[in-house]
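First comes the structure, then the notes that go with it.
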Amino acid sequence: MAGFKFDPEEFKNLDANNVGSWPVMVKAVVVLVLFAIAIVAGWYFDTQKQQEQLAAEKRKEIDLREKFKQKQWEAATLPKLQEQLREIESNLEELQNRLPNKAQVAGLIQDISQQAIATGLSSELFKPGREEVGQVYVKLPIQLRLNGDYHSFGNFVSGIAAMPRIVTQHDIRIDAKSGKESDKPLTMELTAQIYRYLDESEGQ
């Protein structure tokens, strides 16, 4: 400021009870010092706290953005997941419809025996085994020894595979039959596996 010179002597012998009598330069310096103290105190007690709150809000914003992206992805894939679930439920229902219950197993065993007769095979062994209880279904193995030719064996295996109920065939073995019977020169041994529902009482 033009016309004002800083004189240290002006700060001597100041009367604290009569501030109005202080020199202008002294008043100006005191005002500047108080202003600086007010700024520092304001930053320390207010601005610093606001900056910490701002940092916390920024972190919250990042978390919310990530959650939003996750929800957006879930919303986009939900229709596909629902469609896959419907397909799984449909396939499961189809498989369940192909499994007999306990009361229907006897009829299925008879159907397998009739299939052998229908394809011209003679039976040496038809032995249902012991049921194997699983968590969802029960397996019943049946040991078979049949006499016939390749054509009859093929028809039998195809007929079993085409049955509406699920019957799997395992350990198939074909050997030449000892003896002179020309119409049934071969013997086929196999295990037919029947699957049925696990009743609620059995599950318990």
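Observations on the model:
- Dipole-positive endmost among Met188, Gln114, Gln82 within the stretch 82-204 (Cβ charges, Cα centre): Met188
- Chain lengthening between Ser113 and Val40 when straightened (0.36 nm per residue, less Cα-Cα): 16.3 nm
- Ranked by the mean number of other Cβ atoms within 10 Å per residue, highest first, peptides 57-69, 141-153 order as 141-153, 57-69.
- Exposure proxy order (Cβ contacts within 10 Å, fewest to most) of Ser158, Ser113: Ser158, Ser113
- Simple label model, 7 Å out from Cα along Cβ direction - Glu57 to Ile166, nm: 6.0
- Exposure proxy shown here: for Leu190, Leu99, Leu54, the number of other Cβ atoms within 10 Å sets the order, fewest to most, as Leu54, Leu99, Leu190.
- With a Förster radius of 45 Å applied to the C-beta separation of Ser123 and Gln82, the computed FRET efficiency comes to 0.35.
- Taking all Cα pairs closer than 8 Å and separated by 6 or more residues, the relative contact order of the stretch 71-155 comes to 22 percent.
- Entry note: the stretch 102-203 has Rg to Rh equal to 1.03, where both radii use alpha-carbon atoms and Rh is the Kirkwood radius.
Here, each number is a calculation from the coordinates, and none is a lab measurement. None of the values given here were measured: they were computed from a predicted structure. All Cβ positions, glycine included, derive from the backbone under ideal geometry; neighbour counts span all protein chains shown.
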